[in-house]
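Asker: Dropping the structure in here first, questions after.
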Amino acid sequence: MRLDELPPRDDFNDWYNEIVEKAGLTDKRYPIKGMNVWTPYGWKVMLSIDSLIRNEMERTGHDEVNFPTLIPESEFSKEAEHIKGFGKDVYWVTHAGENELDVRLLLRPTSETAMYPMFSLWIRSHSDLPLKIFQLVSTFRYETKQTRAFIRVREIHFFEAHTAHRDYEDAERQIKEDLEILDNLMRKLCIPYEVHKRPDWDKFAGAYYSLGIDTLMAGRILQIGSIHQYRDNFSKPYDITYEDENGEHHHVHQTTYGMSERLFGAIIGIHGDDHGLILPPELAPYQIVIVPIPKKGHQDEVYGVCNSLADELKAGGFRVHVDLRELRPGNKYYHWELRGVPVRIELGMRDMENATVMVFRRDTMDKEVVKRDELIPYIRNMLSDIERNLYERAKEKMKGHTALVENPMEIEEVPDIMKVRWCGDEECGLKIEERTDTSALGTAEHEEEAEGTCPVCGKPAKTYLYFAKTY
Ligand code: ZN
């Protein structure tokens, strides 16, 4: 067995735990559990994800900010539901030097209670609205469940957008825009998703309603983001008001949009295979790796051609690396397949004579001989085809995993995503969760009407409720 050999992808948990370190994404040996080190290759991918998010935020008129990491307990406690929801998960700072603090401070688990005291100072009149800001920062949650790199960690690389609006309708328009941003992002990240309106018993602490952004990874649902409508639930305790055109004062309506490094976890888990990672072209630190196939006595010649090809490709706008290490080509193939590089070019003496190269694509593992003078447009097409293929094939796969279940109270084998007729009562939803050992994801984002009856109480069904095992 080779040192860097992977367990098969079918042993998903083992495979995942190994690949994140073997592909150079993270180092889990940092001496605080659940707080991992971002190593260079992984951090490059995360920064590319951030940059796609920044582009979308800029396009839609959000401004980037950076709030302090610490929040005073007095502000954190203002919204009752919020403190109830997060209270057990926070890290406290109780001392400064040798002195015990009068007001304890906490490491932000999310930033509502850091930002909203400032919003109440910033927002004065209707002309200050809408206020649209975001930040990309670390948040902290004391996770008690088993930690897992990028999926369940205690220091989380986090994106959060916060907006304030003059009324509920304008906040709803923001949520529509958030969903459009989501779709643009997910196509680039090649992550298929469903949006579910979470049931009331599982909405965000303090929200009026919550939309969960869900994807399917190895038979379980992974929540990769969420969008919340707060209405005026936070603006009342934080006293965030504006004066309208007639001199009257109103509380603002607010929304938030959150995503995290789980996006990275989803990319690893959804696309990876027995050979390792498969990175979407937009995110790959190297989109192309060139591997020289040296021949005795002609090594310098081959290396020279590889380097000039790399320069040509870089000038064409691609991120390229030439692997000149003293290793067999086969070992290099293995190394870069493991790290998910979308395209590999192999170049030897015979290719030089024929003015061709061998092109390998990671998503399908296909190889093809391509003429040197057609290479740049060929690769440009191939990269967009890889992006499309990764997204479409994952989307197809996710679709096939949802099934309507007539009677969840008697079912033996629960499908990955279970769709059930539902009367709308919390009690019935909770009974199904308990019986099937799943979590209710909620209802479809676009209201679905159901025929028939609720399988728990027998009352007419109002809609469908979705269930799955979750991470
Ligand atoms: Zn019912």
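The values are calculated or read from the model by the stated rules, or taken from the named source; none is laboratory data. Bear in mind the structure is a predicted one, so any value in this text is a computation, not a measurement. No Cβ is skipped: glycine too gets one built from the backbone with ideal geometry, and neighbour counts run over all protein chains shown. Each accessible area value is taken on the protein alone, full model and side chains, heavy atoms only, with ligands, DNA and RNA left out. Shrake-Rupley method; radii C 1.70, N 1.55, O 1.52, S 1.80 Å.
Asker: Out of the residues in region 430-447 meeting the condition of being closer than 11 Å to Thr463 by Cβ and open to solvent by less than 50 Å² (accessible area, probe 1.4 Å), tell me which one is farthest from the ligand (Cβ to nearest atom).
Answerer: This residue is Ala444.
Asker: Looking at region 385-402, can you tell me whether even one residue there is within 16 Å of the ligand (Cβ to nearest atom) and in a strand (DSSP E or B)? Full working, then the answer.
Answerer: Kept after step one, since they are within 16 Å of the ligand (Cβ to nearest atom), are these residues of region 385-402: none.
No, region 385-402 contains no residue that is within 16 Å of the ligand (Cβ to nearest atom) and in a strand (DSSP E or B).
Asker: Residues that are assigned to a loop (DSSP other than H, G, I, E, B), away from the ligand (no atom under 12 Å from the Cβ) and outside the structural domain of Pro199 (by TED's automatic domain parsing): does region 415-423 have at least one? Reasoning before the result, please.
Answerer: In the first step, residues of region 415-423 are kept if they are assigned to a loop (DSSP other than H, G, I, E, B); the result is 415-416, 423.
With away from the ligand (no atom under 12 Å from the Cβ) added as a condition, the list becomes 415-416.
If we keep only those that are outside the structural domain of Pro199 (by TED's automatic domain parsing) too, we end up with 415-416.
Yes, there is a match, as at least one residue in region 415-423 is assigned to a loop (DSSP other than H, G, I, E, B), away from the ligand (no atom under 12 Å from the Cβ) and outside the structural domain of Pro199 (by TED's automatic domain parsing).
Asker: Among Glu427, Glu374, Glu368, which is the only one that is open to solvent by 60 Å² or more (accessible area, probe 1.4 Å), among the acidic types (Asp, Glu) and either within 16 Å of the ligand (Cβ to nearest atom) or outside the structural domain of Pro342 (by TED's automatic domain parsing) (or both)?
Answerer: Glu427
Asker: Then there is this: Against the conditions (1) out of contact with any helix residue (DSSP H, G or I) (no Cβ under 9 Å at 6 or more places or on another chain); (2) open to solvent by less than 90 Å² (accessible area, probe 1.4 Å), where does Pro40 fall short? Just the number, please.
Answerer: Going through (1) out of contact with any helix residue (DSSP H, G or I) (no Cβ under 9 Å at 6 or more places or on another chain); (2) open to solvent by less than 90 Å² (accessible area, probe 1.4 Å) one by one, Pro40 breaks only (2).
Asker: Got a sec? Which of Ser77, Ser111, Ser51 is surrounded by 17 or more Cβ atoms within 10 Å (Cβ to Cβ) and polar (S, T, N, Q)?
Answerer: Numbers: Ser77 fails: surrounded by 17 or more Cβ atoms within 10 Å (Cβ to Cβ); Ser51 fails: surrounded by 17 or more Cβ atoms within 10 Å (Cβ to Cβ).
Ser111 is the lone residue from the list that is surrounded by 17 or more Cβ atoms within 10 Å (Cβ to Cβ) and polar (S, T, N, Q).
Results for (1) closer than 24 Å to Ile267 by Cα; (2) of a type outside the set (Lys, Arg), shown as yes or no for each residue.
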position	(1), (2)
Ala394	yes, yes
Ile417	yes, yes
Val420	no, yes
Glu434	no, yes
Lys462	no, no
